[in-house]
Amino acid sequence: MTSSATKKAKARSVLPGFGLSLGFTVFYLSIIVLIPLIGVFVKTSGLTPERFWETVTNARVLASYKISFLTSFYAALVNLVFGLIIAWVLVRYKFPGKKLIDSLIDMPFALPTAVAGISLTAIYAPNGWVGKLLEPLGVKVAFTPLGITLALIFIGLPFVVRTVQPVLQDLDHEVEEAAVMLGAFRWRTFRRIILPELTPALLTGFALAFARGIGEYGSVVFISGNMPMKTEIAPLLIMTKLEQFDYRGATAIALVMLGASFLLLLLINYLQWRSNRRVAAA
């Protein structure tokens with residue numbers, strides 16, 4: 001069999017029904033993802049450039065951007081650290097109740113976000129179980145950016161844990177043991193051997209938690225207090241404009257959020273690609 005015939009045979013045997021499967025995949029993604037996104041661009045195109053700029057740079061809108069992106073970033077950063085610690089404990093240690101804790105990690109996936117928001121508000125409100133203990137200390141959680149960050153930490157934690165956990169399970173323990181036998185301290189072993197292997201997964205978990213936080217609505221709308229210029233998030237402002245039948249204004253804000261999220265995800269993916277290349281070269 002010639003080389004060209006071999007290549008054609010391999011191309012045909014990649015996946016049974018590959019052409020049909022690919023066509024269905026593109027069609028499905030177009031219906032679910034591409035067409036709605038195109039709809040945002042089409043609806044926003046009805047605005048003149050001046051009107052679009054005026055809408056997306058309004059003081060109230062800029063304040064909502066700041067709240068959404070900063071709280072999402074801080075929440076993802078916290079989850080990056082503590083998600084790694086939780087994944088490490090679940091993979092490296094055996095203790096009573098381990099399976100229960102492991103299952104609780106997925107609770108934010110199963111729990112309706114509105115229920116999570118109401119629960120967090122009830123607990124951290126000034127008269128709540130935890131809120132009344134923090135109030136004498138001058139710490140206010142509910143109806144502040146801190147409360148928003150707390151809600152986003154709650155819904156974003158599983159993304160980091162579930163992304164890092166399988167990578168930790170697949171790490172070769174013999175390399176760590178060899179480093180320890182050669183005299184490397186635990187921190188140096190973690191920093192020079194384990195952390196480079198985990199970096200791509202950590203970046204992926206951070207990006208997923210950050211992206212989820214930017215668009216989160218249900219768990220935040222109750223605990224934020226929805227005060228314009230202070231605790232009003234961008235998704236809530238979009239909902240407000242929709243209720244006022246200002247569809248073009250809502251899609252204009254959504255377009256800015258979409259563009260910013262896309263650029264940030266591209267940056268994270270680029271950093272992940274660089275990290276993978278560095279690990280492969282090593």
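Points to keep in mind about this one:
- Screening segment 106-177 for helices (runs of 4 or more DSSP H) wholly inside it with 1 or more residues that are of a type in the set (Val, Ile, Thr), under 30 Å from Arg192 (Cα atoms) and open to solvent by 20 Å² or more (accessible area, probe 1.4 Å) returns the ranges 145-170.
- Tally, over segment 42-66, of residues that are open to solvent by 30 Å² or more (accessible area, probe 1.4 Å), of a type in the set (A, V, I, L, M) and farther than 14 Å from Lys230 by Cβ: 2
- Considering residues of segment 203-247 that are open to solvent by less than 30 Å² (accessible area, probe 1.4 Å), among the hydroxyl-bearing types (Ser, Thr, Tyr) and in a loop (DSSP other than H, G, I, E, B) only, the residue nearest to Phe69 (Cα to Cα): Thr231
- Among the residues of segment 230-250, those that are closer than 18 Å to Leu62 by Cβ and touching a residue at least 40 places away in the same chain (Cβ under 8 Å) comprise Lys230, Thr231, Glu232, Ile233, Ala234, Pro235, Leu236, Leu237, Gly249.
- Residues that are closer than 30 Å to Ala250 by Cβ and either modelled with pLDDT of 80 or more or not aliphatic (A, V, I, L, M) (or both) number at least 1 in the following helices (runs of 4 or more DSSP H) confined to segment 1-56: 18-29, 35-44, 49-56.
- For segment 248-265, the criterion of being modelled with pLDDT under 85, open to solvent by 20 Å² or more (accessible area, probe 1.4 Å) and among the polar types (S, T, N, Q) is satisfied by at least one residue.
- Pair list, Cβ under 7 Å, 6 or more apart: segment 19-38 residue open to solvent by less than 80 Å² (accessible area, probe 1.4 Å), other residue outside any helix (DSSP H, G or I): Ser21/Leu15
- Residue check, Gly117 within 20 Å of Gly225 (Cβ to Cβ) and within 20 Å of the chain's Cα centre (by Cα): yes
The values are calculated or read from the model by the stated rules, or taken from the named source; none is laboratory data. Everything numeric here is computed off the predicted structure, so don't read it as measured data. As a convention, Cβ positions derive from the backbone with ideal geometry for all residues, glycine included, and neighbour counts pool all protein chains shown. Please note that ligands, DNA and RNA were not included when accessible areas were found on the heavy atoms of the full protein model with its side chains. Shrake-Rupley method; radii C 1.70, N 1.55, O 1.52, S 1.80 Å.
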